[in-house]
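Shown next, in structure tokens, is the structure this report addresses.
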Amino acid sequence: MRILKELDDAKLVIVDLEVRLGSEVRSAPTLCAKYKGKIIPLNTAHDGRPILMKEENSIED
């Protein structure tokens, strides 16, 4: 594993993220990256599993 470059315009934020699980609505503090005006969750809100930082997973800010 190696670092290709450091992303200067990205920062870590914790958001209160709301998700729907079937008929339930839950919210939880979730670690996210703020990058290019988008919020990208770094772990799932319902069980905390890590997810990749991809723009496809982003939520508009």
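So what is the relative contact order for the chain, in percent, with contacts set as C-alpha pairs under 8 Å and at least six apart?
It comes to 25 percent, rounded to a whole number.
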* To do: Starting from the amide H of residue 44, placed 1.01 Å from N in the peptide plane, find each other amide H under 5 Å away whose residue is 5 or more places distant or on another chain.
  => 49, 51
* To do: List the residues whose amide H sits under 5 Å from the amide H of residue 17, counting only those 5 or more places along or on another chain, with H placed 1.01 Å from N in the peptide plane.
  => 28, 30
* For the chain, state which trypsin sites (Lys or Arg not before Pro) are in a DSSP loop and have at most 15 other beta carbons lying within 10 Å of their beta carbon. => 2, 5, 36, 54
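Could you please report the charge total around residue 9, scoring K, R as +1 and D, E as -1 over all other residues with beta-carbon less than 11 angstrom from its beta-carbon? Please list the in-between numbers first.
Numbers: positive: 11, 34, 36; negative: 6, 8.
After counting each charged neighbour, the total is +1.
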* Asked: So which GluC sites (Glu not before Pro) in the chain pass both tests, a DSSP loop state and at most 12 other Cβ atoms within 10 Å of the Cβ?
  -> 6
* Ranked by accessible surface with a 1.4 Å probe, highest first, in what order do 1, 53 come? -> 1, 53
* Can you give the three extents of the C-alpha atoms in the chain along their principal axes, from longest to shortest, in whole Å? -> 42, 26, 19
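Less than 14 Å Cβ to Cβ from residue 56, Lys/Arg counted +1 and Asp/Glu -1: what total charge do the surrounding residues give?
Around residue 56, the charge tally is +1.
The values are calculated or read from the model by the stated rules, or taken from the named source; none is laboratory data. Source: prediction; values computed, not measured. We place every Cβ from the backbone using ideal geometry, glycine too, and count neighbours over all the protein chains shown. These area figures cover heavy atoms from the full protein model, side chains too; ligands, DNA and RNA do not enter into them. Shrake-Rupley method; radii C 1.70, N 1.55, O 1.52, S 1.80 Å.
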